[in-house]
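Engineer: Got a structure for you, questions after.
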Amino acid sequence: MEIDCTQHKNMDESLIVGENCLNQFLSQNPNSCPIELHDNCSYSQSRVAKRYINELDVICPRQFRQEQEQEQQLKMSTQQEHIEGETPGIVSCDFKGKVKHVNDHLEYSCCLQIVKCWFESFGCTHKCLKSAIDEHLTSNMKLHFDLVIKK
């Protein structure tokens, strides 16, 4: 989004902000401007900025969040030694792509997506990573069979 209040018309640079960030700011500060203190903030979508942003290369946001959480846990841990590399038992998403492809990745192919068991409608309450659902289904066949029979 581009902030284009008349109060900023003499500024040389474009005032670009993410739509979610602007919405969050406006929900906490109704009718205000995030740049200077004045009312009636004016903004519009910037097609040029959106095109550039959509072409940026990014990693999976879930992978990024997981790495941030691991980093925080490491800082909080009392371990003196840390060996760089992957942590055993931790599933990693290797998505690296354009911003415009992130939503499709998150919805359809991310191995870090949490999914419900296919037998939820029969009473199974298990949730797991998308990459682990096959293991759950095969290791709980009898449970699922029993749930189906009871319905």
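Engineer: State all residues of region 1-49 that are within 21 Å of Val99 (Cα to Cα) and among the acidic types (Asp, Glu); if no residue qualifies, say none.
Structural biologist: Once the filter is applied, which keeps residues that are within 21 Å of Val99 (Cα to Cα) and among the acidic types (Asp, Glu), region 1-49 yields Glu2, Glu19.
Engineer: Tell me which helices (runs of 4 or more DSSP H) are completely within region 12-111 and hold 2 or more residues being at pLDDT 85 or above, under 26 Å from Asp134 (Cα atoms) and open to solvent by less than 80 Å² (accessible area, probe 1.4 Å), or say none if there are none. Steps first, please.
Structural biologist: On the way: elements: 19-28, 47-54, 61-76.
Output list reads 61-76.
Engineer: Out of the residues in region 1-11 that are open to solvent by 50 Å² or more (accessible area, probe 1.4 Å) and free of Cβ contacts under 8 Å to residues at least 40 places away in the same chain, state the one that is farthest from the chain's Cα centre (by Cα). It would help to see each step written out before you state the result.
Structural biologist: First, pick out the residues of region 1-11 that are open to solvent by 50 Å² or more (accessible area, probe 1.4 Å): 2, 4, 6-7, 9-11.
From the residues that got through so far, the ones that are free of Cβ contacts under 8 Å to residues at least 40 places away in the same chain too are 6-7, 9-11.
Working: Thr6: 34, Gln7: 34, Lys9: 34, Asn10: 36, Met11: 33 Å.
Taking the candidates together, the pick is Asn10.
Engineer: How about region 123-145: which of its residues are surrounded by 15 or more Cβ atoms within 10 Å (Cβ to Cβ) and more than 24 Å from the chain's Cα centre (by Cα)?
Structural biologist: Cys124, His136, Leu137, Asn140, Leu143, His144
Engineer: Turning to a different aspect of this structure: Return the residues of region 112-122 that are over 13 Å from the mean Cα position of the chain (by Cα), surrounded by 13 or more Cβ atoms within 10 Å (Cβ to Cβ) and not basic (Lys, Arg); say none if nothing qualifies.
Structural biologist: We begin by selecting, within region 112-122, every residue over 13 Å from the mean Cα position of the chain (by Cα); these are 115-122.
Now drop any that are not surrounded by 13 or more Cβ atoms within 10 Å (Cβ to Cβ), which leaves 115-120, 122.
Residues satisfying the conditions are Val115, Cys117, Trp118, Phe119, Glu120, Phe122.
The values are calculated or read from the model by the stated rules, or taken from the named source; none is laboratory data. What you see is a predicted model, and the numbers here were worked out from it, not measured in a lab. All Cβ positions, glycine included, derive from the backbone under ideal geometry; neighbour counts span all protein chains shown. In case anyone asks, the SASA skips ligands and DNA or RNA and just uses the protein heavy atoms, side chains included. Shrake-Rupley method; radii C 1.70, N 1.55, O 1.52, S 1.80 Å.
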